[in-house]
């Protein structure tokens with residue numbers, strides 16, 4: 001049985017191509033959320049401003065609103081005297097009208113009163129009874145911010161597909177968007193399999209181990225801004241598995257199954273998947289290390305990933321296949337890979353003449369060089385090293401092996417690792 | 001009034017020192033969450049394994065559990081024959097006992113039966129009626145993973161202060177932790193001030209503008225894994241402001257106030273803060289550009305930040321002071337600054353002989369060089385450029401100005417900007 005699986009092992013690139021031919025990830029839908037929920041969501045439409053911003057002509061300084069023509073010739077030694085007709089405050093429409101020979105007091109941000117076309121800064125003025133001396137000339141529009149000069153009504157302010165950081169949330173607020181149309185978060189069902197697997201928190205009967213992958217994968221799904229649906233442990237039995245997979249496919253946009261630490265997906269899952277819809281299983285075994293067979297299926301337009309039981313391998317395969325699919329389904333772009341150079345701590349062999357992905361941990365040597373050590377292939381130390389799996393390196397099909405001490409490219413799982421290791 | 005504020009302007013470093021002397025950020029508390037909520041939280045205690053992992057001796061291969069001594073001398077041409085006494089399956093305690101001269105069938109992950117001390121891989125065996133031929137010798141513990149060999153009961157598996165990525169969530173699951181003690185997310189009250197400010201979604205009466213900063217800052221608070229509490233718009237009036245600040249200080253661990261786009265915090269907030277508790281206002285004006293006065297207060301051990309009204313400046317001051325405080329209060333370490341070199345698009349001046357922080361946007365020139373352009377100082381274009389504020393550069397107090405074309409260090413707001421600009 002196991003030998004049959006290995007015969008069909010394909011490289012990661014081949015598997016990616018097969019997946020791309022059978023399934024093109026598309027956003028799963030859109031929804032409208034309030035601005036307070038918009039952070040880190042993705043715009044499903046371009047955002048067009050319904051308002052001029054600012055909505056009215058505003059003063060950019062504290063001073064006096066005037067007709068510019070009234071100030072012509074004004075200078076320090078020869079001030080012009082204009083009659084004060086009122087005061088414009090912030091936040092209110094003003095009825096003050098500035099006629100020739102008059103001015104109105106104004107503060108930063110307040111609306112320019114009717115008749116005025118410029119503002120003289122307070123520094124160049126001197127109040128006198130019901131008049132004000134102006135000691136500097138201003139030109140039309142000086143110290144005035146015209147309505148719509150920052151954003152015009154109808155202007156596109158944010159593009160479709162924008163991920164909303166605090167800065168973009170600020171832009172949405174500026175144009176008065178209380179609601180935003182964003183892509184739905186894809187729902188991802190996670191099924192655990194394996195007779196020995198028990199959910200953490202439950203008593204550990206003899207022969208049982210705790211379910212690692214369902215929880216690590218749920219967190220990985222959340223890390224892709226998707227919604228994990230942990231559907232519990234399913235026994236390796238055709239009828240139960242079929243019921244569980246049907247339920248998962250009904251509820252979720254993507255299904256992930258995973259075994260315990262030692263057990264990869266058995267043949268039962270591919271068999272059941274092939275009965276549920278077309279095209280069924282498209283990849284059965286991918287060359288990664290450590291790893292047990294990875295199965296990829298598409299069932300009536302929904303992808304199903306059966307990940308290896310080894311926890312480091314499971315997260316590697318998630319990184320290689322599932323992550324990109326989930327990001328695209330959420331309307332997000334896949335981030336460029338982040339790589340570092342490191343020297344191999346030992347000789348690294350590929351799997352049976354295929355391009356092989358090897359999970360590694362990175363450490364700085366005393367000489368300050370980065371050293372990449374492969375995560376143990378077997379069960380031993382699988383969990384201890386899990387938290388230290390930093391990324392992976394690739395052994396190409398043309399390479400017999402990578403020599404100990406050779407420089408390899410390590411693709412990192414996390415952006416932050418880059419900084420902790422390069423500074 | 002304005003001149004009085006400028007007189008007290010301090011540099012960012014001075015302000016940081018003053019804050020550090022008056023307030024040392026500490027985690028605001030701990031809480032217990034379930035494993036499914038643990039992703040991206042911070043461990044408030046070291047985690048010690050209550051179990052041996054694996055919990056029992058396990059086979060790492062498919063094959064036959066034997067007494068190693070029974071296989072001594074076995075080889076391809078001279079197999080040893082052992083009598084089959086049973087089968088050990090995964091996930092169950094086994095009653096099978098392996099005596100001298102016998103063996104039991106076993107699969108990967110299943111418990112080693114009593115009496116056995118090694119496993120022969122199926123590849124080196126051949127079943128014969130009720131016996132099995134063994135074609136290779138194994139030594140004691142070969143293909144056996146001993147209980148506790150990955151993690152020993154009582155071993156510390158994760159350190160206090162660890163941020164829980166999918167890998168660490170996997171480790172917690174492995175040792176059966178269904179509940180985890182993490183630091184509480186700090187609660188951050190956000191108050192908007194300004195007579196002209198209206199919440200997005202409400203009708204925009206003449207003279208009003210939408211509240212940008214409360215929403216941008218709420219998102220920035222969420223980005224620090226804290227809980228924003230948007231407390232709405234408060235009028236610039238002493239009694240209302242006092243009531244609002246008291247409510248904010250009662251409900252939250254930190255308070256942020258912010259004005260509209262044009263109006264910085266008026267003198268009313270510092271005055272009120274000084275009546276609420278000791279030491280009150282400790283910083284009144286920081287040299288950043290664009291910027292209006294920033295006020296920092298500490299009221300009975302709770303920090304209060306009054307941020308500038310200009311949205312880009314508000315997010316800059318958040319990045320410089322508030323972010324670090326919030327991260328520490330959530331038990332997180334502050335990330336190292338991420339910097340890029342760029343050439344100044346124009347001559348940059350400091351503010352009145354102080355070290356000045358200038359918000360910039362970055363662009364690649366046609367020649368492939370990075371160019372840093374300052375965000376407009378005034379109101380014009382404040383919002384259009386908001387989404388493009390990539391980071392800031394510092395003009396030192398000893399510099400009269402930074403020349404156009406000079407190379408400057410730009411500290412980025414986001415890690416991802418680094419990659420979009422360097423690849």
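Once region A:39-54 is narrowed to residues that are crowded, with 21+ Cβ neighbours inside 10 Å and not in a strand (DSSP E or B), the residue that is nearest to the other protein chains (Cβ to nearest Cβ) is A:39.
Quickly run through region A:91-122 and pick out the residues that are without any contact (Cβ under 8 Å) to a residue 40 or more places away in the chain and within 14 Å of another protein chain (Cβ to nearest Cβ). Across region A:91-122, the qualifying residues are A:91, A:92, A:93, A:94, A:95, A:96, A:114. Exactly one residue among B:180, B:188, B:255 is over 19 Å from residue B:323 (Cβ atoms), in a strand (DSSP E or B) and more than 9 Å from chain A (Cβ to nearest Cβ), and that residue is B:180. Under the condition of being part of a strand (DSSP E or B) and under 26 Å from residue B:422 (Cα atoms), the residues counted in region A:360-375 number 8. For region B:294-342, a residue qualifies if it is more than 18 Å from residue B:17 (Cα to Cα) and away from chain A (no Cβ under 14 Å), and the qualifying residues are B:300, B:330, B:331, B:341, B:342. Quick one: in region A:191-215, which of the residues that are over 19 Å from residue B:165 (Cα atoms) and touching a helix residue (DSSP H, G or I) at 6+ places or on another chain (Cβ under 6 Å) is farthest from the other protein chains (Cβ to nearest Cβ)? Top of the filtered list is A:191.
Any chance you could count how many residues in region B:318-342 are part of a strand (DSSP E or B) and surrounded by fewer than 16 Cβ atoms within 10 Å (Cβ to Cβ)? So the count comes out to 2. Taking the criterion of being within 19 Å of residue A:318 (Cα to Cα) and more than 32 Å from the chain's Cα centre (by Cα), no residue of region A:352-370 qualifies. Of the residues making up region A:355-387, those that are in contact with a helix residue (DSSP H, G or I) (Cβ under 8 Å, 6 or more places away or on another chain) and either over 23 Å from residue B:175 (Cα atoms) or touching a residue at least 12 places away in the same chain (Cβ under 8 Å) (or both) number 12. Would you confirm, using the coordinates I've provided, whether residue B:30 is in contact with a strand residue (DSSP E or B) (Cβ under 9 Å, 6 or more places away or on another chain), surrounded by fewer than 17 Cβ atoms within 10 Å (Cβ to Cβ) and under 30 Å from residue B:296 (Cα atoms)? In short, yes. Checked against (1) in contact (Cβ under 8 Å) with a residue 60 or more places away in the chain; (2) within 7 Å of another protein chain (Cβ to nearest Cβ), residue B:225 passes all but condition (2). Residue A:218 passes every criterion in (1) under 17 Å from residue B:172 (Cα atoms); (2) more than 7 Å from chain B (Cβ to nearest Cβ); (3) at pLDDT 95 or above apart from (2). Scanning region B:305-325 for residues that are modelled with pLDDT of 90 or more and over 22 Å from the mean Cα position of the chain (by Cα), we see that the one that is nearest to residue B:385 (Cα to Cα) is B:307.
Looking at this structure, is residue B:168 more than 8 Å from chain A (Cβ to nearest Cβ) and at negative phi? No, not satisfied.
The values are calculated or read from the model by the stated rules, or taken from the named source; none is laboratory data. No experiment lies behind these values; they were computed from the predicted model shown. Because the Cβ atoms are built from the backbone with ideal geometry, glycine has one as well, and the counts that use them run over all protein chains shown.
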